[in-house]
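The structure under discussion appears below in the form of structure tokens.
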Amino acid sequence: MSKKPIRTRYAPSPTGHLHIGGARTALFSYLWARKNGGSFVVRIEDTDVERNVEDAEAKQMDGLKWLGLDWDESVDIGGPYAPYRSMDRMDIYREYIDRLSEEGLAYPCYCTSEELEADRERQLAEGVAPRYSGRCRHLTAEEREALEAQGRNPSIRFKAPGGRTVTVQDEVRGEVHFDTDGIGDFIIARPDGRPTYNFAVTVDDALMEITHVLRAEEHLSNTPRQILIYEALGFDAPKFGHVSLILNPDGKKMSKRDESILQFIDQYKDLGYLPEALINFLVLLGWAPEGEEAEREIFSREELVQSFSLHRMSKAPAVFDTVKLRWMNNHYIKESSLERIVDLALPHLIRAGRVSPDLSDEAKSWVTRLVSLYREQLDYVAQIVDLTEMFFREDVRYAEAAKEVLRQEQVPQVMKAFIGQIEQADDFSPDTVKTLLKAVQKETGYKGKQLFMPVRAAVTGEVHGPDLKETISLLGRDTVAGRLNHLLKNREQILGG
RNA sequence: GGCCCGUUGGUGAAGCGGUUAACACACCAGCCUUUCACGCUGGCAUGCAGGGGUUCGAAUCCCCUACGGGUCACCA
């Protein structure tokens with residue numbers, strides 16, 4: 001007997017950009033399919049037409065693509081189970097809804113939302129679980145006609161059986177039991193025939209032969225309803241895995257307007273986070289590698305495909321630790337090719353007006369050196385703009401610590417000597433700069449901190465920074481000489497009291 | 001309020017009845033470096049939400065409590 005091929009899916013509703021939570025669920029689903037040589041399906045759950053956003057579908061898919069998660073079947077490439085958009089599957093849902101109605105497993109409900117809301121409030125006030133009253137469950141044909149004569153258009157409710165226990169075999173939580181008495185008759189189709197999520201998702205997962213439904217924990221309580229539908233329709237239920245939520249740094253559930261954390265994948269993309277860093281970071285939020293690998297934290301997508309497993313999923317919610325994400329991204333920035341980082345940095349530098357959009361080869365190689373100089377301290381590429389600010393300004397802004405250094409008595413002498421050396425130099429490569437500083441040392445007798453700190457402070461306005469000779473070389477002869485001369489002339493004024 | 005899920009250091013976490021309670025981020029100290037960063041070395045939970053059990057032995061099994069979360073939509 002051959003095992004059924006593993007099929008997983010990511011089924012977002014097209015209401016916005018790819019969220020970090022959705023990205024993680026998609027990643028888990030993707031990894032599980034890939035690990036088992038199965039298929040990963042991206043399906044669009046767009047039955048809530050009022051909420052649908054114009055290009056959200058494309059945004060979701062762009063986000064997945066950027067992360068490097070490719071799919072085998074979806075709206076764009078089709079597949080054997082097409083269509084992959086709920087609203088294109090209306091005929092299918094109608095068929096199953098009719099079937100349930102005919103079999104007496106579903107019935108029309110004429111209650112208005114006002115009536116329903118009133119019921120709910122009353123039940124809440126009485127401290128009872130809010131649940132559908134069952135008012136329309138036993139309507140006679142005459143009563144139905146009368147209600148329809150009033151112009152009331154029915155929605156369709158699923159008849160939830162009472163007195164039973166539904167067991168969810170959850171891949172991450174184990175067996176979870178639900179008493180069906182806690183489940184009221186729920187709506188499976190709106191008056192215009194559009195199915196609700198619980199119904200559409202069930203029919204789609206069943207028909208598409210999804211074997212593993214991996215999704216957020218908030219769906220766990222919905223699962224018994226879906227299992228009831230699977231049973232009523234005579235489908236085998238897939239395996240479920242409910243992944244714990246991602247919490248913000250305060251340990252709270254993220255809300256849409258939560259600003260303590262960037263929530264959308266494209267925001268990270270725009271800031272210059274690398275997809276492999278996001279993947280690596282996200283997968284560790286709720287999943288842990290096994291055995292020896294538990295001591296590592298850097299995993300490529302290929303390695304994850306190898307190592308991923310459902311039984312290593314965590315039941316506890318995970319806090320999104322921005323600091324660790326930055327560390328991880330910095331790690332990947334250092335690992336990746338310089339060329340790639342330059343390409344990512346360029347748009348930021350251009351937007352900041354630092355470099356021209358149509359830059360010469362010469363300028364490009366200058367930017368490459370600049371990025372190279374700062375690469376290892378980038379948590380995300382956009383930081384390059386602020387980090388290199390002093391390369392692009394006329395006047396130097398001297399930090400207090402730099403002024404302190406520049407007040408040392410040897411400073412004028414060192415600076416004069418350095419200017420003299422610069423004027424005589426043939427070129428201004430880092431090696432040359434090194435030689436020039438050596439010469440200054442010989443000429444003045446100052447060395448080490450007494451030499452380098454004043455030079456750094458005078459030229460950059462800071463007492464910290466990356467490699468000095470490269471910095472000076474990149475700044476260029478004119479700029480360096482200019483800054484030194486300016487400082488020499490206006491020393492009193494610049495250094496103040 | 002009912003039902004359901006969870007709780008190991010500041011954070012992600014390993015741990016599956018007997019361990020000095022891994023590893024990583026962060027933090028602290030030292031080394032390296034003209035400086036910063038990188039890198040390296042070392043430190044960092046006497047305790048696993050609290051309380052009861054079970055057991056020779058519990059972070060690991062059971063129960064209760066507390067706290068956090070999810071859900072109870074014609075949203076997904």
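The values are calculated or read from the model by the stated rules, or taken from the named source; none is laboratory data. It should be emphasised that the depicted structure is a prediction, and the values quoted were computed from it without experimental measurement. FYI the Cβ positions are ideal-geometry reconstructions off the backbone, even for glycines, and counts take in every protein chain you see.
General remarks:
- Verdict on residue A:325 being within 16 Å of RNA strand B (Cβ to nearest atom), under 30 Å from residue A:176 (Cα atoms), touching a helix residue (DSSP H, G or I) at 6+ places or on another chain (Cβ under 7 Å) and of a type outside the set (Phe, Trp, Tyr): no
- Number of the exception - residue A:176 against (1) at pLDDT 90 or above; (2) within 8 Å of RNA strand B (Cβ to nearest atom): (1)
- All conditions but one from (1) touching a Gly at 6+ places or on another chain (Cβ under 8 Å); (2) on the phi > 0 side of the Ramachandran plot apply to residue A:264; the one that does not is (2).
- Only one entry in A:207, A:214, A:220, A:245 is over 28 Å from residue A:93 (Cα atoms) and either of a type outside the set (Val, Ile, Thr) or more than 10 Å from RNA strand B (Cβ to nearest atom) (or both), namely A:245.
- Flag if residue A:98 is out of contact with any Gly (no Cβ under 9 Å at 6 or more places or on another chain), assigned to a helix (DSSP H, G or I) and away from RNA strand B (no atom under 13 Å from the Cβ): yes
- Residue A:163 under 35 Å from the mean Cα position of the chain (by Cα), assigned to a loop (DSSP other than H, G, I, E, B) and either surrounded by fewer than 17 Cβ atoms within 10 Å (Cβ to Cβ) or more than 7 Å from RNA strand B (Cβ to nearest atom) (or both): no
- Residues satisfying the stated conditions in segment A:294-319, i.e. more than 9 Å from RNA strand B (Cβ to nearest atom) and either among the hydroxyl-bearing types (Ser, Thr, Tyr) or in contact with a Ser or Thr (Cβ under 8 Å, 6 or more places away or on another chain) (or both): A:299, A:300, A:307, A:309
- For segment A:142-157, the set of residues classified as more than 15 Å from residue A:112 (Cα to Cα) and exposed (fewer than 12 other Cβ atoms within 10 Å of the Cβ) consists of A:142, A:145, listed by residue number.
- Restricted to segment A:178-268, the set of strands (runs of 3 or more DSSP E) holding at least 2 residues that are under 20 Å from the mean Cα position of the chain (by Cα) comprises A:212-216, A:239-243.
Table: residues versus (1) closer than 16 Å to residue A:339 by Cβ; (2) assigned by TED's automatic domain parsing to the domain that holds residue A:477; (3) free of Cβ contacts under 8 Å to residues at least 40 places away in the same chain; (4) surrounded by 19 or more Cβ atoms within 10 Å (Cβ to Cβ).
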site: A:368; (1), (2), (3), (4): yes, no, yes, no
site: A:387; (1), (2), (3), (4): no, no, yes, no
site: A:409; (1), (2), (3), (4): no, yes, yes, no
site: A:416; (1), (2), (3), (4): no, yes, no, no
site: A:426; (1), (2), (3), (4): no, yes, yes, no
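- Scan of segment A:37-69 for residues that are surrounded by fewer than 21 Cβ atoms within 10 Å (Cβ to Cβ) and of a type in the set (Gly, Ala, Ser), ordered by number: A:37, A:38, A:56, A:58, A:68
- Checking every residue in segment A:105-112 against the condition of being more than 10 Å from RNA strand B (Cβ to nearest atom), outside any helix (DSSP H, G or I) and in contact with a Pro (Cβ under 7 Å, 6 or more places away or on another chain) gives at least one match.
- Filtered by the rule that a residue be in a loop (DSSP other than H, G, I, E, B) and near RNA strand B (Cβ under 8 Å from one of its atoms), segment A:456-474 gives A:462, A:463, A:464, A:465, A:466, A:467.
- In summary, residue A:155 fulfils each of the numbered conditions (1) within 24 Å of residue A:313 (Cβ to Cβ); (2) of a type outside the set (A, V, I, L, M, F, W, C); (3) within 7 Å of RNA strand B (Cβ to nearest atom) with the single exception of condition (1).
- Residue match in segment A:418-425 (condition: within 17 Å of residue A:400 (Cα to Cα), outside any helix (DSSP H, G or I) and either out of contact with any Asp or Glu (no Cβ under 6 Å at 6 or more places or on another chain) or modelled with pLDDT under 90 (or both)): no
- Taken as a whole, the condition of being within 16 Å of RNA strand B (Cβ to nearest atom) and assigned to a helix (DSSP H, G or I) does not apply to residue A:481.
- Checking residue A:246 against (1) surrounded by fewer than 21 Cβ atoms within 10 Å (Cβ to Cβ); (2) on the phi < 0 side of the Ramachandran plot, the condition it does not meet: (1)
- Residue within segment A:428-444 that is among the hydrophobic types (A, V, I, L, M, F, W, C), more than 25 Å from residue A:392 (Cβ to Cβ) and either touching a Ser or Thr at 6+ places or on another chain (Cβ under 9 Å) or in a loop (DSSP other than H, G, I, E, B) (or both) present: no
- Any hit, segment A:276-286, residues being away from RNA strand B (no atom under 14 Å from the Cβ) and within 20 Å of residue A:19 (Cβ to Cβ): yes
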